[in-house]
1. Rounded, prolate or oblate, given the Cα gyration tensor of region 13-217, with a/c below 1.5 counting as rounded?
2. So, with +1 on the Cβ of K and R and -1 on the Cβ of D and E, and no other charges, what is the size of the charge dipole of region 249-351 about its Cα centre, to the nearest 20 debye?
3. Here are several values of mean projected area of the Cα convex hull in nm²: (i) 22.8; (ii) 18.1; (iii) 27.6. Which one was derived from the coordinates shown?
4. About the Cα centre of the chain, what is the dipole size in debye to 20, counting +1 per Lys and Arg Cβ and -1 per Asp and Glu Cβ, all else neutral?
5. Could you name the aspartates and glutamates whose alpha carbon sits less than 20 Å from that of LYS67, not counting residues in the same chain fewer than 8 places away?
6. Taking the DSSP beta bridges in region 13-217 as the whole, what percent of them are antiparallel, to the nearest 5?
7. Dividing the alpha-carbon radius of gyration of region 306-372 by 2.2 N^0.38 Å (N being the number of residues), what value is obtained?
8. Projecting each Cα onto the charge dipole of region 219-414 (Lys/Arg +1, Asp/Glu -1 at the beta carbon, about the Cα centre), which of LEU247, ALA229, LEU386 comes out farthest on the positive side?
Amino acid sequence: MLVQGALQLPGDKSISHRAIMLSAIADGVSCVRNLNDGADLQSTINILRDCGASIEQKEDEIIINGKKLHSPSKDLDCGNSGTTTRLVSGLLSSQKLIFTLTGDESLSKRPMKRIVTPLVGMGCKISSNNGLLPLSIDASDGITAIDYDMTVASAQVKSCILFSALGGNNISIINEIIPTRNHSEIMLKNMGVSIEREGSKIIVHPLKSKLKSIDISVPSDPSSAAFFAALAVINNNSNLKLTNVLLNESRIGFVEVLNQMNCLISKSNESVHNGEKVGDLTISSSNLKATEIKSETIPSIIDEVPILAVVAAFANGTTVFKNVEELKYKECDRLRAIIHNLEAFGIKAYEKNNDLFVEGGKVKRMPKITTFDDHRIAMAFTILSLTSFKKYELDNRSCVDISLPNFFNYLSEITK
């Protein structure tokens, strides 16, 4: 199959969430263009509106008129979005609100104790379903400063604490040994927050005045770009350009992994917008070799492991992903989902001590893809099936709407 052409994908999901949330409590009118168009962002928008935020869609931009939020009159539905749940918990706590967060069946199985512990340490009263949703938070007594050692490498947990600390009574410190994506720090700084990093410590000062409004065009989501980059490298005689992609170093670990695997991938037109690096990626067919991906790299590629495991299926040798336990706590147990689907296609894959092993080989059969209702599993194995058989069958096609509703249309644009 031939993969050729150019794509500009929708805005980065992580930056989109943060831009909407922080603009909702900023001073004045903010404008956000190229917002991610997935269902997760709609969950964030609906929740903020339920708390009194003014958010309007105008042609191809979102207009947010910052104002004081209020405690909602009903439970707040986070849908399938872990980012919404964890970041909104911090944001609404900073505003001293009382609220309850719920979610769909998948989200209701995801661990929330990781945010409950620091938020309780910051003065919130919280009840939960044994560390799971529903989560009822009462921050009406105010937020106290915290000096917190991160126990899990998670940008969502870090951002929850950062957002909550905006309403704190003093300086808060987060000790982050393994760095995670830093979009919250970049955006907070751009919006006037006094925040700095000293070694592994992130020091954030509470707000003395409202955040500054922003005018931002969100760069394309690198996690979405990874699927199309993978499609190009595993298909012969292919060449693909992905434009205006977010190139934040904490988010493009997948590019470094592809380089390790002997992939032909290059960056161009690099620039900085709103503190974030942006540019184009050009990807060509490659003769792939297996590699070992070290545990310290995993936080920067955690969302891309499913598609990188698919790439590994076409590599020469056995690729090892070290310490991928966090995959078990995503929209589904992604570690199990990856192994199940690879084996269904006839590729040998297994887990040992939380390491994932994928033996490159020949795809033997075309099964119906078991998505586990997970958007990234669905997209990753669509790429594998399309490459091997020029067709695919999914048990749940609609789950891709969580992050990239037009995924299948983009595929048809660049494949021949």
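Read the figures in this text as sums done on the coordinates, not as results from a lab. Source: prediction; values computed, not measured. Because the Cβ atoms are built from the backbone with ideal geometry, glycine has one as well, and the counts that use them run over all protein chains shown.
1. rounded
2. The calculated dipole for region 249-351 is roughly 260 debye.
3. (ii)
4. Dipole of the chain, to the nearest 20 debye: 340 debye.
5. Hits, sequence-local ones excluded: ASP27, ASP50, GLU56, ASP215.
6. Around 70 percent of the beta bridges assigned by DSSP in region 13-217 are antiparallel ones.
7. Output field value: 1.03.
8. After comparing all options, I get LEU386.
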